[in-house]
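Read-outs: derived from the displayed coordinates by stated rules, not from any lab. From a predicted model like this one, the values you see are computed outputs, not experimental measurements. Here the Cβ is made from the backbone with ideal geometry for all residues, glycine too, and neighbour counts use every protein chain on show.
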Amino acid sequence: MKKFLPLVLIAILVLAGGVYWWHQRNETGSDGLTLYGNVDIRQVALAFDGSGRIIELLAEEGDVVSKGAVIGRLDTQALELQAKAQEAAVEAQRQALLELRDGARPEEIAQARAKLASDEAAAKLTNIHRDRVARLITSSSSAVSQLDMDRAVAEADAANALVDQSKAALDLLLAGTRPEEIAAAEAQLRGAEAQLDHLRYQIGQGALTAPSDAVVRSRLREPGDIVTSQSPVFALALTEPKWIRVYVREADLGRIKPGMDAQVTTDSHPDTPVAGQVGYISSVAEFTPKAVQTEELRTSLVYEVRIIVEDAADSLRLGQPVTVRLPVEPVS
């Protein structure tokens, strides 16, 4: 037995070397480079923009949702009532602006002219009375006193002042509204409309929509829950893009180029490869993650490579282990 022991050890070493050579040939031989990795998908923690009580959720875990589809709603009744009140305020401000732009109506101008004529007639009468009293008091007649004279003068002055006031009011109506007043009214209207737009925006944010085509991974809230903008309601896995994260040793790094075609297979569908292309190639080496399945590389420095895939059949799942084959030239 002692004579045969070295022969057995030599045979085992030769067999192991043959297996290793066969393995390396299959991985880096004429069939190209074979890599192992996992499917990676972008995920979204979807939340409402505002705060409130959830009244409806329209998606379950596993549902496929399209971009823009409404999958949840908040109670926005209070905001809708505020919006109705603001609509009335906007309309009132709009009518006030129209009134300023149109100026005085013909009836208002006619009324001002009539008032001026009435005041002029009254002033003419008081002026005549004042002049008569002045003549009597200068004739040394005892028919009027100085008090009567003072009263007549005051009444005439008051009547003449009313005439001036009526003339100014008529001129103001004829001149129309000042540009500054119209500009101020326009600014107030814009402010009221902006407030209404803000309320309508808040009402619109009460509907939770899918940002892209995706699959619902988790439903984190239920109707009746009070949520804020920091409270995720759904966790979504985006269906596009999908990529495979693999790691390549430095010796094979020069054989891989961006845009290179790739074939991705899974253990469940080994005969149905998914087409892909080399996308991102890291420029920084890192220690091999524990998830890498090749024992040879677990303690080595490797480079991350992403294979962008076109998974029209949606057969790849997040985290799923896959095999990637690249048609590279064999190592000489």
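Between segment 144-169 and segment 53-83, what's the alpha-carbon centroid distance in Å?
Centre-to-centre (Cα) distance: 74 Å.
Can you check what the net charge comes to around R200, using other residues whose Cβ is under 12 Å from the Cβ of R200 (Lys, Arg +1; Asp, Glu -1)? Provide the component values of the computation, followed by the final result.
Numbers: positive: K84; negative: E80, E87, E193, D197.
My count for the surroundings of R200 gives -3.
Report the one residue of S229, A210, A251 whose Cα lies farthest in the direction of the positive end of the charge dipole of segment 205-259 (charges on C-beta: Lys and Arg +1, Asp and Glu -1; origin at the Cα centre).
A251
Starting from the Cα-Cα distance between K167 and A69, subtract it from 0.36 nm times their residue separation and give me the gain in nm to one decimal.
Fully extending the segment from K167 to A69 adds 28.6 nm.
For segment 81-196, evaluate the Debye formula with one uniform point scatterer on each Cα (no solvent term) and list log10 I(q)/I(0) at q = 0.12, 0.16, 0.18, 0.23 Å⁻¹, rounded to two decimals.
-0.64, -0.82, -0.91, -1.11
Once the Cβ-Cβ distance between R53 and A92 is put in as r, and R0 is 41 Å, what FRET efficiency do you end up with, to the nearest 0.05?
That pair, R53 with A92, gives E of 0.80.
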